[in-house]
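First the structure, which I've put down as structure tokens, then a few questions once you've had a look.
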Amino acid sequence: MTRGASEAAAFVREKAGLQPDIALVLGSGLGPLADAVDGTAIPFAEIPCFPVATAPSHAGRLILGTLFGRSVAVMQGRVHMYEGYSPQEVVFPVRVLAALGTKTLVLTNAAGGMHPNDRVGDLVAIEDHLSLAVASGLDPLRGPNDEGEGPRFVSMNRAYDPDLIALAQSLGGLRRGTYAHVVGPSFEPPALIRLLKLAGCDLVGMSTVPEVIAARHLGMRVLAISAVTNIAVDSVGSPHVTSAEEVWDSVKIIQPKLLALMRDLIPALPKVPT
Ligand code: HPA
């Protein structure tokens, strides 16, 4: 196992005394869903080897408890490569979540919309991804492989579980789309948005993809949902200037929608034998 992951899991298990079967990662400003969890909150900084979240509006706590009748481990906040973490460091929490025994990983993020049908406030189920960073070498699986954790080579086809996408769509009426991963922290220039659109991408954001790759390596079932917080700008002629403030303001509107979806989705997630 990746160095430190089993120690971190043992520390969390000892503190929380609970066997979660679903793991949730809550993205930018989407953390308030964690308030619905009845359980034990542990700051990332207390967990051995855990990376500490520095992004604004990422509380940086791991909460173990009960959410809508299911045992969960919830990451209230995450870490990103733009904070200076390596891809391997970014996915360390996912390795800990797997070591805790969770079999299903539900991720959320804030994203820029690139599809003509995208509106601020939409929730979209991710069905595929494109990451120029991962494709050019920033793959979290790069380096020695621990066969005990997963195989050397991992397929990314159907990485986003088709049955879980169908379940989310049946409950929430979400569209599906392809998520483009960028490292950030600068927002994409219009030329990059045009390139990503040409490549068939619908959403753009600075997270999720490294975690999905690690989760698939670990054999977890993955569902990822983007909240569209802004429409990505693809022309220098546009007067619109993307900003973090715009993202935070939109996230506040989206929170109740995400909570409503999770209220239906979490109890309906298939139980995987541990
Ligand atoms: N680009 C990158 N990350 C984001 C965006 C965006 O437009 N919106 C929210 N997170």
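What are the residues in segment 128-158 that are in contact (Cβ under 8 Å) with a residue 24 or more places away in the chain, open to solvent by 80 Å² or more (accessible area, probe 1.4 Å) and of a type in the set (D, E, K, R), if any?
Answer for segment 128-158, where residues must be in contact (Cβ under 8 Å) with a residue 24 or more places away in the chain, open to solvent by 80 Å² or more (accessible area, probe 1.4 Å) and of a type in the set (D, E, K, R): just Arg142.
Name the residue that is nearest to Leu130 (Cα to Cα), counting only residues in segment 197-216 that are open to solvent by less than 10 Å² (accessible area, probe 1.4 Å) and in a helix (DSSP H, G or I).
By that ranking, first place goes to Val209.
Of all the residues that make up segment 244-274, how many are open to solvent by 30 Å² or more (accessible area, probe 1.4 Å) and within 12 Å of the ligand (Cβ to nearest atom)?
Total meeting the criteria: 5.
Looking at Val79, Val91, can you tell me which residue is among the aliphatic types (A, V, I, L, M), modelled with pLDDT under 95 and within 18 Å of Ala215 (Cβ to Cβ)?
The match here is Val79.
Could you check Gly173 against (1) out of contact with any Pro (no Cβ under 6 Å at 6 or more places or on another chain); (2) away from the ligand (no atom under 16 Å from the Cβ); (3) touching a residue at least 40 places away in the same chain (Cβ under 8 Å) and say which number it fails?
Among (1) out of contact with any Pro (no Cβ under 6 Å at 6 or more places or on another chain); (2) away from the ligand (no atom under 16 Å from the Cβ); (3) touching a residue at least 40 places away in the same chain (Cβ under 8 Å), the lone unmet condition for Gly173 is (3).
Another question, then. Have a look at Leu203, Leu192, Leu198 and point out the one that is within 16 Å of the ligand (Cβ to nearest atom) and without any contact (Cβ under 8 Å) to a residue 12 or more places away in the chain.
The conditions single out Leu192.
Just give me the residues in segment 215-274 being of a type in the set (S, T, N, Q) and within 30 Å of Gln19 (Cβ to Cβ), in sequence order.
Scanning segment 215-274 gives Ser226, Gln255, Thr274.
Given the criterion among the aliphatic types (A, V, I, L, M), part of a helix (DSSP H, G or I) and more than 18 Å from the chain's Cα centre (by Cα), identify the matching residue among Leu261, Leu265, Leu192.
Leu192
In addition: Of everything in segment 164-189 that's outside any helix (DSSP H, G or I) and polar (S, T, N, Q), which residue is surrounded by the most Cβ atoms within 10 Å (Cβ to Cβ)?
Thr178
Are any of the residues in segment 4-14 at pLDDT 95 or above, part of a strand (DSSP E or B) and crowded, with 16+ Cβ neighbours inside 10 Å?
The answer is no, given that none of the residues of segment 4-14 is at pLDDT 95 or above, part of a strand (DSSP E or B) and crowded, with 16+ Cβ neighbours inside 10 Å.
Working only within segment 217-226, note down all residues that are in a strand (DSSP E or B) and away from the ligand (no atom under 16 Å from the Cβ).
Hits for segment 217-226 are Arg221, Val222, Leu223.
Separate question: Could you say whether any residue in segment 111-134 is more than 13 Å from the ligand (Cβ to nearest atom), aliphatic (A, V, I, L, M) and either modelled with pLDDT under 95 or under 17 Å from Gly219 (Cα atoms) (or both)?
Within segment 111-134, none of the residues are more than 13 Å from the ligand (Cβ to nearest atom), aliphatic (A, V, I, L, M) and either modelled with pLDDT under 95 or under 17 Å from Gly219 (Cα atoms) (or both).
Give Asp234, Asp161 a once-over and let me know the one that is touching a helix residue (DSSP H, G or I) at 6+ places or on another chain (Cβ under 8 Å) and open to solvent by 10 Å² or more (accessible area, probe 1.4 Å).
Asp234
Of everything in segment 93-109, what is more than 10 Å from Arg221 (Cα to Cα) and more than 16 Å from the ligand (Cβ to nearest atom)? Give them in sequence order.
Selection gives Pro93, Val94, Arg95, Val96, Leu97, Ala98, Ala99, Leu100, Gly101.
The values are calculated or read from the model by the stated rules, or taken from the named source; none is laboratory data. Since this is a predicted model, take the numbers as computed values, not measurements. All Cβ positions, glycine included, derive from the backbone under ideal geometry; neighbour counts span all protein chains shown. All accessible areas refer to the heavy atoms of the entire protein, side chains included, with ligands and DNA or RNA removed. Shrake-Rupley method; radii C 1.70, N 1.55, O 1.52, S 1.80 Å.
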